[in-house]
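Chemist: The structure that follows is given in the form of structure tokens.
The values are calculated or read from the model by the stated rules, or taken from the named source; none is laboratory data. Here the structure is a predicted model, which means the values were calculated and not measured. All Cβ positions, even for glycine, are placed from backbone atoms using ideal geometry, and neighbour counts span all protein chains on display. These accessible areas exclude ligands, DNA and RNA; they are computed on the full protein's heavy atoms, side chains included. Shrake-Rupley method; radii C 1.70, N 1.55, O 1.52, S 1.80 Å.
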Amino acid sequence: MRRRDFITALGGGVAAWPLAARAQRTAIPVIGYLAAGNPNSEKRLVDAFLKGLGEAGYEDGKNARIEYRWAENQYDRLPSMAADLVGREIAVIAATTTPAVRTAKAAAGAIPIVFTTIADPVQIGFVASLNRPGGNVTGATMLSVEVGPKLMELLHGAVPSASTMALLLNPTNPNAETQSKSSQQAAHKLGLTLHVLNASAEGDLDPVFAKLGELKARALVIGHDVFFNAQTKQLAALTLRNKIPAIYTLSEFAASGGLISYGASRVDAWHQAGVYVGRILKGEKPAELPVIQPTTFEMAINLKTARAFGVSIPLTLIASADEIIE
């Protein structure tokens with residue numbers, strides 16, 4: 001974002017007004033916030049982002065302005081939204097979730113980008129390395145894609161009798177193929193049969209759970225995706241209704257009745273992204289800001305759900321949980 005000094009000469013006339021108006025609008029840096037999800041389900045994350053931004057010395061509406069763009073889980077809307085933000089001469093883009101990051105990277109040119117992603121940002125080409133990202137992109141990763149095999153291992157430990165499992169993915173997510181491959185490999189090592197099912201809209205969910213019965217799948221791993229994040233409570237309710245032991249990365253899943261949740265804190269990732277946006281506004285270069293990785297993963301087990309399913313969770317697994325829901 002460039003500050004423009006200008007002098008309006010006496011008698012400059014009407015022609016000076018557009019310049020004056022533009023200078024007034026661009027007096028403070030503008031942050032583009034590009035999100036694949038929706039503001040209702042991500043309010044807690046936005047609050048964390050704003051807190052981080054504030055810690056770096058910036059406040060929306062005072063010394064910075066944020067332009068929000070929400071794709072409402074429709075990934076095909078992201079390119080036009082990214083182009084719109086770029087056309088507004090923003091100072092930095094905060095892109096949340098992998099689809100938004102990929103779109104922003106394609107559209108932004110040299111504009112700095114701060115991301116949150118569930119994937120390994122080196123593996124998917126966002127940065128050159130975690131310690132020295134290079135280019136104009138950096139941010140925070142939750143490594144939820146890499147956690148996929150761990151989810152299967154934990155669910156197998158909780159329900160060892162379930163020799164046939166299913167993996168639910170959103171096929172429109174750029175990480176879907178990676179999640180599928182890593183989970184298939186983990187299933188093979190554990191001696192499990194794994195069926196991959198797809199859902200990308202709310203209307204797909206009921207048929208998916210009907211299909212579980214046809215496949216005789218006795219447990220379900222839900223692959224991390226922004227659409228599934230927005231449907232966390234419904235997914236938990238469907239697992240309860242169909243008595244399917246399941247695991248997901250969000251703690252809200254277990255709190256809503258799902259059997260197990262395991263993952264890094266999204267709130268921490270969004271908070272760190274806010275801090276990085278502020279640091280970049282102060283002049284630091286994305287290339288020199290290391291990608292922030294999660295240091296802790298938290299597991300919650302819903303024993304009330306386990307009892308309803310007739311599942312006896314091993315004491316060793318219960319002992320390793322960070323939260324037990326009775």
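Chemist: Looking at Glu284 and the list (1) open to solvent by 40 Å² or more (accessible area, probe 1.4 Å); (2) modelled with pLDDT under 95; (3) among the acidic types (Asp, Glu); (4) within 22 Å of Phe115 (Cα to Cα), which single condition is not satisfied?
Modeler: Answer for Glu284: the failing condition is (2).
Chemist: Here's another thing I want to ask about it. List pairs: first residue in segment 311-324 and free of Cβ contacts under 8 Å to residues at least 40 places away in the same chain, second residue open to solvent by 90 Å² or more (accessible area, probe 1.4 Å) and not hydroxyl-bearing (Ser, Thr, Tyr) anywhere in the structure, Cβ distance under 6 angstrom, at least six positions apart or on different chains.
Modeler: Asp322/Glu298
Chemist: Moving on. Read through the list (1) at pLDDT 95 or above; (2) farther than 22 Å from Glu153 by Cα, then give the number of the only condition that Ala230 fails.
Modeler: Of (1) at pLDDT 95 or above; (2) farther than 22 Å from Glu153 by Cα, only one is false for Ala230: (1).
Chemist: Does any residue in segment 239-260 that is within 18 Å of Leu317 (Cα to Cα) come within less than 6 Å, Cβ to Cβ, of a residue that is small (Gly, Ala, Ser) and modelled with pLDDT under 95 six or more places away or on a different chain, and which pairs are these?
Modeler: These pairs meet every condition: Thr249/Ser144; Thr249/Gly263.
Chemist: Mind checking whether some residue in segment 135-155 is farther than 30 Å from Val267 by Cβ and surrounded by 18 or more Cβ atoms within 10 Å (Cβ to Cβ)? Walk me through how you get there before you give the answer.
Modeler: Here is the first cut: in segment 135-155, the residues farther than 30 Å from Val267 by Cβ are none.
The answer is no, given that none of the residues of segment 135-155 is farther than 30 Å from Val267 by Cβ and surrounded by 18 or more Cβ atoms within 10 Å (Cβ to Cβ).
Chemist: Are any residues in segment 287-320 surrounded by 15 or more Cβ atoms within 10 Å (Cβ to Cβ) and hydroxyl-bearing (Ser, Thr, Tyr), and if so, which ones?
Modeler: Residue satisfying the conditions is Thr305 alone.
Chemist: Based on this model, can you work out whether Ala273 counts as of a type outside the set (Ser, Thr, Tyr), under 23 Å from Lys43 (Cβ atoms), open to solvent by less than 10 Å² (accessible area, probe 1.4 Å) and without any contact (Cβ under 8 Å) to a residue 24 or more places away in the chain?
Modeler: Details: of a type outside the set (Ser, Thr, Tyr): yes; under 23 Å from Lys43 (Cβ atoms): yes; open to solvent by less than 10 Å² (accessible area, probe 1.4 Å): yes; without any contact (Cβ under 8 Å) to a residue 24 or more places away in the chain: no.
For Ala273, the condition - of a type outside the set (Ser, Thr, Tyr), under 23 Å from Lys43 (Cβ atoms), open to solvent by less than 10 Å² (accessible area, probe 1.4 Å) and without any contact (Cβ under 8 Å) to a residue 24 or more places away in the chain - is not met.
Chemist: Which of the residues belonging to segment 110-144 are of a type in the set (Val, Ile, Thr) and in contact with a strand residue (DSSP E or B) (Cβ under 9 Å, 6 or more places away or on another chain)?
Modeler: Here is the first cut: in segment 110-144, the ones of a type in the set (Val, Ile, Thr) are 111, 113-114, 116-118, 122, 124, 127, 137-138, 141.
Within segment 110-144, Ile111, Ile113, Val114, Thr116, Thr117, Ile118, Ile124, Val127, Val137, Thr138, Thr141 qualify.
Chemist: Let me ask something else about it. Would a scan of segment 67-78 turn up a residue that is open to solvent by less than 30 Å² (accessible area, probe 1.4 Å), more than 29 Å from Glu298 (Cα to Cα) and either in a loop (DSSP other than H, G, I, E, B) or touching a residue at least 60 places away in the same chain (Cβ under 8 Å) (or both)? Talk me through it step by step, then tell me what you get.
Modeler: Let us first name the residues in segment 67-78 that are open to solvent by less than 30 Å² (accessible area, probe 1.4 Å), namely 71, 78.
Keeping just the survivors that are more than 29 Å from Glu298 (Cα to Cα) gives 78.
The next check asks that each one be either in a loop (DSSP other than H, G, I, E, B) or touching a residue at least 60 places away in the same chain (Cβ under 8 Å) (or both); those that pass are none.
The answer is no; no qualifying residue exists.
Chemist: If Arg132 meets every condition in (1) within 24 Å of Ile301 (Cβ to Cβ); (2) touching a residue at least 60 places away in the same chain (Cβ under 8 Å); (3) charged (D, E, K, R) apart from one, which number is that one?
Modeler: The one condition Arg132 does not meet is (1).
Chemist: Would you mind telling me which numbered condition in (1) in contact with a Lys or Arg (Cβ under 7 Å, 6 or more places away or on another chain); (2) among the hydrophobic types (A, V, I, L, M, F, W, C); (3) more than 12 Å from Ala273 (Cβ to Cβ) Ala108 fails?
Modeler: So the condition that Ala108 fails would be (1).
Chemist: Moving on to the next point. Condition first: open to solvent by less than 40 Å² (accessible area, probe 1.4 Å) and over 18 Å from Phe309 (Cβ atoms). Now tell me which residues in segment 209-249 satisfy that.
Modeler: Of everything in segment 209-249, those that are open to solvent by less than 40 Å² (accessible area, probe 1.4 Å) and over 18 Å from Phe309 (Cβ atoms) turn out to be Gly223, His224, Asp225, Val226, Phe227, Phe228, Asn229, Ala230, Gln231, Thr232, Thr249.
Chemist: Could you tell me whether Asp225 is within 14 Å of Leu168 (Cα to Cα), over 17 Å from the mean Cα position of the chain (by Cα) and not aliphatic (A, V, I, L, M)? Walk me through it before giving the result.
Modeler: Working: within 14 Å of Leu168 (Cα to Cα): yes; over 17 Å from the mean Cα position of the chain (by Cα): no; not aliphatic (A, V, I, L, M): yes.
Here the answer is no, as Asp225 does not meet what is asked.
Chemist: Also: Those residues that are modelled with pLDDT of 90 or more, in a helix (DSSP H, G or I) and either closer than 24 Å to Ile111 by Cα or open to solvent by less than 90 Å² (accessible area, probe 1.4 Å) (or both), I need them from segment 10-60; list them, please.
Modeler: Result: Leu45, Val46, Asp47, Ala48, Phe49, Leu50, Lys51, Gly52, Leu53, Gly54, Glu55.
Chemist: Inside segment 178-202, can you point out the residues that are closer than 21 Å to Lys216 by Cβ and open to solvent by less than 50 Å² (accessible area, probe 1.4 Å)?
Modeler: If the condition is that a residue be closer than 21 Å to Lys216 by Cβ and open to solvent by less than 50 Å² (accessible area, probe 1.4 Å), then Ser180, Ser183, Ala186, Ala187, Leu192, Leu194, Leu197, Ala199 are the ones that fit.
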